[in-house]
Each structure stands twice: as C-alpha cells, then as structure tokens.
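Notes follow once the structure below has been shown.
The values are calculated or read from the model by the stated rules, or taken from the named source; none is laboratory data. Since the model is a prediction, treat every value here as computed from it, not as a measurement. Heads up, the Cβs are rebuilt from the backbone with ideal geometry, glycines too, and the neighbour counts pull from every protein chain shown.
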Amino acid sequence: MPKNIIITILLVFIATTSSCFASSSSNLDKAINLFNQGSYDKALKIFKSEVEEIISRTEPNKRMAESDLRNLMASFKYLGLSYKLKNQYDLAIKNFNHLYIDSSTYCSAYYLGEIYHLKNEIRYAAAYWRGVFEPAYDTECMPHAFVMRYLTLKSVDDGIAEQFLKEPHARLFELPRAVKLIDYLRNEITAEKLIETTKNTDDKIFAYYVIGRNLLFTRKPEDLKTAKKYFEKALATNCRHCIGYDLSEKELKKLSQ
C-alpha cells in the first residue's frame, strides 16, 4: 500500500456523501455480520476488498470522503480483530497500527495491548494500555485498559499495583462499568455482586476474566479452581470477539497444563 495514500487517508477528513458509497457500506455490514457469526475467513475477504476498493478510488493528495474514511477505519479494525481471533498476531498488529497512527477511537491502543499480551510481550502491552489515557482517546476501552494495567502491575509489584488502584484516572469515574470493576478490585464489592450488576454480555465476559485472573494471585488451590470456573464461564458464552474471551482462553490453557 503506497505510503502517501496511507498518510492522506489517516490525516485528512471531509464530510461528503454520494450514492456510490451505498454498496460499500452494504458490503461492510455484510462482513461485520459474518464476523459476528464467527465466519472470519469469509469476513476477511470482504474487509480486504473494502480497503482495496476505497484506496483505489482515492487519489494521492486528494481529500477522502468522511463516509469512506469511516468505512476504511472500521475495515482495519475488523481485519485486526479477525486476524487476532485466527492467532495471526503480526497481521492483527499491522491492521490496528493503521488505526493507531491517527485514530483515538476503535479501541486501537487497547487491542494492540491485548495482542502483545497474548504474545507474552508484556512491556509492549503495558505501553499501549497506558496510551489509552491520552486526552484525545475514546473512553470505550478505558475500563479494560485500566484493569489490564493493574493486573500487569500486580504480577510484578503488588505495592505499585495497589498505589495505582488508589489513584485511578479521573475520566474513569464517568463510566459506571469502570467504577464497578474498581470497586471489586478494591474489595468493596464481591465477585458475585460484580456479576449480578453487570448486564451487558461483553462487560460480563470481561468481568469473568478479571475475577478469575485476580483469584490467581492468591495461588491457593481452592482459588485456582474457582478462577478456572470463571474462565470457563467466559468461554461458555461462545462470544469469541468479546473482550476477555481470548484472555480467559489463554489463562485456562495455562491452568490445564
């Protein structure tokens, strides 16, 4: 992909609408539906085609229509997620990097951190999760990044982790789901209460992972068994693209070895 086209795509925004974009949007919706159904290979073909089509009609040094830019960014995100779920981490990183260059949305920094975590490159993971708290970054994945940073710190130095937990980022308190996770990690609510008050499926899967991972730190046999049950609950949802699923699967494999 020519470098000058990538730069143009990622740095220039203009609001434009045209009927010729309708089929492109329709194809993207079809690909997302296939992705949500678990048909990742079929979805990948459409996402790749979407990227190629948009770039082919974008001339160097010309402004891109906002609708095209939006579809391009979504395609990069789902390409990254699809490759992540196929365990093709380098290709996932490549596509999320297209988002990370200029986009503060799409949870790009969080997902890059998660991919490096799955690759056991924890230092890189922590760096990307720290980037989620830049002023311009979207708040959608802030709770996930905050918790993953805490758990990573706790695996290295419990004292530093607890200090980090005492002084959470102010923007987190704007998000009820973040507050619940923080309350649980501070032992202010029980694991059962966290699950009971978490209604959204995506958030619940991540909560299962957080509870299981937190229990692992005690190294008590009974807590390891309970942690395993929480990871199994996450996998029982069959929501492979939900945040926390891959992470639960990784921990469950470790416990089974």
Exercise. (1) hydroxyl-bearing (Ser, Thr, Tyr); (2) farther than 22 Å from Leu81 by Cβ; (3) at pLDDT below 90: which one isn't true of Thr139, the others all being true?
Worked result: (2)
For this session: Identify, from the list Leu153, Leu99, Leu72, Leu79, the residue that is modelled with pLDDT of 95 or more and not hydroxyl-bearing (Ser, Thr, Tyr).
Result: Leu79
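For every residue, the table says whether it meets (1) in contact with a helix residue (DSSP H, G or I) (Cβ under 8 Å, 6 or more places away or on another chain); (2) within 14 Å of Cys141 (Cα to Cα); (3) free of Cβ contacts under 8 Å to residues at least 24 places away in the same chain.
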{"site": "His169", "(1), (2), (3)": "yes, yes, no"}
{"site": "Leu172", "(1), (2), (3)": "yes, yes, no"}
{"site": "Ala178", "(1), (2), (3)": "yes, yes, no"}
{"site": "Arg186", "(1), (2), (3)": "yes, no, yes"}
{"site": "Glu196", "(1), (2), (3)": "no, no, yes"}
{"site": "Asp203", "(1), (2), (3)": "yes, yes, no"}
{"site": "Ala207", "(1), (2), (3)": "yes, yes, no"}
{"site": "Val210", "(1), (2), (3)": "yes, no, no"}
Exercise. Can you name the number of the only condition in (1) over 20 Å from Ala125 (Cβ atoms); (2) surrounded by 16 or more Cβ atoms within 10 Å (Cβ to Cβ); (3) modelled with pLDDT of 95 or more that Arg177 fails?
Worked result: (3)
For this session: Looking only at region 7-24, decide whether some residue is at pLDDT below 75 and either in contact with a Pro (Cβ under 6 Å, 6 or more places away or on another chain) or closer than 19 Å to Ser82 by Cβ (or both).
Result: yes
Exercise. Would you pick out the residues in region 212-238 that are in a helix (DSSP H, G or I), under 23 Å from Cys141 (Cβ atoms) and out of contact with any Ser or Thr (no Cβ under 7 Å at 6 or more places or on another chain)?
Worked result: Arg213, Asn214, Leu216, Tyr230, Lys233
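Residues checked against (1) in contact with a strand residue (DSSP E or B) (Cβ under 7 Å, 6 or more places away or on another chain); (2) crowded, with 17+ Cβ neighbours inside 10 Å; (3) farther than 27 Å from Phe35 by Cβ:
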| site | (1), (2), (3) |
| --- | --- |
| Leu151 | no, yes, yes |
| Glu162 | no, no, yes |
| Glu192 | no, no, yes |
| Leu247 | no, yes, no |
Exercise. From Arg171, Arg219, which residue is over 14 Å from Ile243 (Cα atoms), charged (D, E, K, R) and within 19 Å of the chain's Cα centre (by Cα)?
Worked result: Arg171
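Quick check on my filter: what residues within region 147-156 are outside any helix (DSSP H, G or I) and in contact with a Phe, Trp or Tyr (Cβ under 8 Å, 6 or more places away or on another chain)?
Across region 147-156, the qualifying residue is only Ser155.
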For this session: Could you grab me the full set of residues in region 191-211 that are among the hydroxyl-bearing types (Ser, Thr, Tyr) and in a helix (DSSP H, G or I)?
Result: Thr201, Tyr208, Tyr209
Exercise. Given (1) closer than 26 Å to Leu112 by Cα; (2) under 22 Å from the mean Cα position of the chain (by Cα), where does Leu194 come up short, assuming only one miss?
Worked result: (1)
